Amino acid sequence: MIELAQNQTEPVLSVVVIGRNEGARLVRCLESVRAMNSPGGPVEIIYVDSDSTDQSPSRAEELGARVLVVHPERPTAALGRNAGWRAARAEFVLFLDGDTILDPDFVGQAMKEFADPKVAVVWGTRREIHPEQSLYNRVLDLDWMAPVGPSQYCGGDALMRRKVLEEVGGYDQTLIAGEEPEMCRRMRAVGYVILHVDLPMTGHDLAMLRWAQYWRRATRTGYAYAEVSARFRGTDIPLWEAESRHNRRRTWLQIGLFLAGLAVSLWWLKPWPLLAVAAFYGLLIVRTTFKFRWKSPSLLTCFCYGVHSHIQQVPIFLGQLQYGKDARQGQKRGLIEYK
């Protein structure tokens, strides 16, 4: 159990938890923070609430957190995280989402990496708490897995140097998604390292049970791809430009092949052209299955992940189209929520 920092004591670590109507998940998250093994001194916990309508702020206070409530016109994760780290007092800041559970040993192990002054961010492995709850949870659990070593960016859960956050100005609050990769790109541009370590970091409660949730999550990804890649297009350190272009090509190819197969099948009054297109898609899925075999010992799970990798291209593409429309019309889109 950690020692909570008081007003008169300097914390060695500030934990910033953001949330909105997380309910019992927030309690579980804060309890996991309190149960972490000591990082070597007092810890302060800051909970930033984005205008919840449940009892989240009062629950957080009961668990020893300092509560900040923001009332934004458009709630974003970036706004909450910025409010948290700017109020933090420690040299190192651990960011967590309110629907996560912290591994008790992560901070103590990850802190050692900051012996290198160029390391700005250390992040570990996030895994789904309930992969058995739905096929979506089971498949998207593999999305969190990435090679260890220097990386382009981190996710929402990460341990950072506060002085580097100050140096780059923190998260961009205008983004509705993709705020961590965008900020990490600015950190890398001035010579810092984003380090992914082979350590359990957090458990995540995706709670995805419906197709509509899956679709909206992928659409949000596409929106972020387009918005962030446009910002750094043509620079020495582009971000997501190749991914955005690849998504557009794959989507047009998928749609084009399907329409061509359907047209020829209708013309010949035979199913073989359409079946040939389906077989081609099947081969692509099998290839993707074995490409990502390292992510899971279950061949079935990897196969489902292969299906996901191709199906998601369409909503990602639609997300890119939505950003393009908003950019042309000078509109700001609200948060794309899937829970």
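The values are calculated or read from the model by the stated rules, or taken from the named source; none is laboratory data. None of these values were measured; they are calculated from a predicted model. Glycine also receives a Cβ, built like all others from the backbone with ideal geometry; neighbour counts cover every protein chain displayed.
Values for this structure:
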item	result
Among residues of segment 16-27, those that are part of a helix (DSSP H, G or I) and in contact with a strand residue (DSSP E or B) (Cβ under 6 Å, 6 or more places away or on another chain), counted	1
Residue list for segment 280-308, filter: in contact (Cβ under 8 Å) with a residue 24 or more places away in the chain, in a helix (DSSP H, G or I) and hydroxyl-bearing (Ser, Thr, Tyr)	TYR281, THR301, TYR305
Options ALA65, ALA83: the member that is more than 22 Å from PRO181 (Cα to Cα) and crowded, with 18+ Cβ neighbours inside 10 Å	ALA65
For SER14: the one exception among (1) surrounded by 20 or more Cβ atoms within 10 Å (Cβ to Cβ); (2) hydroxyl-bearing (Ser, Thr, Tyr); (3) modelled with pLDDT under 95	(3)
Per-region count, segment 196-235, residues acidic (Asp, Glu) and either in the same structural domain as THR174 (by TED's automatic domain parsing) or without any contact (Cβ under 8 Å) to a residue 40 or more places away in the chain (or both)	2
Single residue of LYS325, LYS270 found to be within 26 Å of the chain's Cα centre (by Cα) and exposed (fewer than 12 other Cβ atoms within 10 Å of the Cβ)	LYS325
Members of segment 44-58 that are of a type outside the set (Gly, Ala, Ser) and touching a Phe, Trp or Tyr at 6+ places or on another chain (Cβ under 9 Å)	ILE46, PRO57
All positions within segment 188-240 that are closer than 26 Å to VAL139 by Cα, in contact with a helix residue (DSSP H, G or I) (Cβ under 6 Å, 6 or more places away or on another chain) and assigned to a loop (DSSP other than H, G, I, E, B)	ASP205, LEU206, MET208, LEU239, TRP240
Total residues in segment 210-243, condition surrounded by fewer than 17 Cβ atoms within 10 Å (Cβ to Cβ) and among the polar types (S, T, N, Q)	1
Subset of segment 306-318 [among the hydroxyl-bearing types (Ser, Thr, Tyr) and farther than 12 Å from LEU284 by Cα]	none
Number of positions in segment 231-252 that are aliphatic (A, V, I, L, M) and closer than 15 Å to CYS184 by Cα	2
Filter result (in contact with a Ser or Thr (Cβ under 8 Å, 6 or more places away or on another chain), in contact (Cβ under 8 Å) with a residue 60 or more places away in the chain and either among the aromatic types (Phe, Trp, Tyr) or closer than 24 Å to MET111 by Cα (or both)) within segment 2-31	ILE18, CYS29
Whichever residue in segment 108-140 is over 20 Å from VAL33 (Cα atoms) and free of Cβ contacts under 8 Å to residues at least 40 places away in the same chain and, among such residues, is surrounded by the most Cβ atoms within 10 Å (Cβ to Cβ)	PRO131
Helices (runs of 4 or more DSSP H) contained entirely in segment 64-172, each with at least 1 residues that are under 15 Å from the mean Cα position of the chain (by Cα)	77-87, 135-140
Matching entry among VAL193, VAL122 (being more than 24 Å from LEU335 (Cα to Cα), touching a Pro at 6+ places or on another chain (Cβ under 8 Å) and outside the structural domain of SER298 (by TED's automatic domain parsing))	VAL193
VAL277 being crowded, with 16+ Cβ neighbours inside 10 Å, at pLDDT below 95 and in the same structural domain as TRP215 (by TED's automatic domain parsing)	yes
